[in-house]
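The values are calculated or read from the model by the stated rules, or taken from the named source; none is laboratory data. Because the structure is predicted, anything quoted here is derived from the model rather than measured. Counting neighbours? That spans all protein chains shown, and the Cβs are built from the backbone with ideal geometry, glycine included. Only protein heavy atoms, including side chains, enter the accessible area calculation; ligands, DNA and RNA are left aside. Shrake-Rupley method; radii C 1.70, N 1.55, O 1.52, S 1.80 Å.
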Amino acid sequence: MIALAVLLLVVALTCVPYPVTIALADEPATADASPIFGVTIPPGYKQWELIAPAEEAAPLDELRAVVGNQIAIEAYQGGKLPFPDGTVLVKRAWTRKQSPQFASATIPGAATTVQVMVKDSKRYASTGGWGFGRFVDGKPVDEAQHRTCWGCHEARAKSRDYVFTRLAP
């Protein structure tokens, strides 16, 4: 009986991360949630698999890396568009700075933003199925900045389910 209880606990704990991530997107907005969309920074995102790095030119001059949850990774690897509900993409960004060890190398400096996209075709039907969050120092930026997310993605990435980032080869 105890062995069965332990086995059930192990199975439950092993399966928890994905339902919890999806459930978090369904919770009401909190102080740490983005205005308009209610998106939060997903726990554990720093351990997610890399989708692609990028470099943003002036005026931002940033180094960026987009990571995704397992649903996102499987969709990218399978060439699945539109992305399935539950897909979460996180863009991490840093200022660029010259490496002190190698003059021609650019390395990450201070963190600038964390940007999150959550796919939920019902909740975010009016924005192509995507909810957006942009965070500085762990806190969401103002509503005015969040109002720009959808327009940019709609205008420039409609044919790719509103996602700019391609899987790095």
**Item:** Hey, Ala65 farther than 22 Å from His153 by Cβ and open to solvent by 10 Å² or more (accessible area, probe 1.4 Å) or not
**Value:** no
**Asked** Restricting to the stretch 100-124, what's the tally of residues that are polar (S, T, N, Q) and within 21 Å of Val90 (Cβ to Cβ)?
**Response** 4
**Prompt:** Can you tell me which residues in the stretch 57-91 are within 17 Å of Thr113 (Cα to Cα) and touching a Lys or Arg at 6+ places or on another chain (Cβ under 6 Å)?
**Reply:** Asp61, Leu63, Arg64, Ala65, Val66, Lys91
**Qualifying residue in the stretch 114-137 (condition: touching a residue at least 60 places away in the same chain (Cβ under 8 Å) and surrounded by fewer than 15 Cβ atoms within 10 Å (Cβ to Cβ))** = no
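Here's the yes/no breakdown for (1) farther than 20 Å from Ser159 by Cα; (2) open to solvent by 60 Å² or more (accessible area, probe 1.4 Å); (3) at pLDDT 95 or above:
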site: Phe37; (1), (2), (3): yes, no, yes
site: Ile51; (1), (2), (3): no, no, yes
site: Ala58; (1), (2), (3): yes, yes, no
site: Ile73; (1), (2), (3): no, no, yes
site: Gln77; (1), (2), (3): no, yes, yes
site: Phe83; (1), (2), (3): no, no, yes
**Asked** Looking at His153, His146, which one is open to solvent by less than 20 Å² (accessible area, probe 1.4 Å) and either over 17 Å from Pro42 (Cα atoms) or in contact (Cβ under 8 Å) with a residue 24 or more places away in the chain (or both)?
**Response** His146
**Request:** Pull up the stretch 85-97, narrow it to residues that are within 21 Å of Glu55 (Cβ to Cβ) and open to solvent by 60 Å² or more (accessible area, probe 1.4 Å), then point me to the one that is nearest to the chain's Cα centre (by Cα).
**Result:** Arg96
**Message:** Residue under question is Ile73, and the condition is that it be of a type in the set (Val, Ile, Thr) and over 22 Å from Thr127 (Cβ atoms); does it hold?
**Reply:** yes
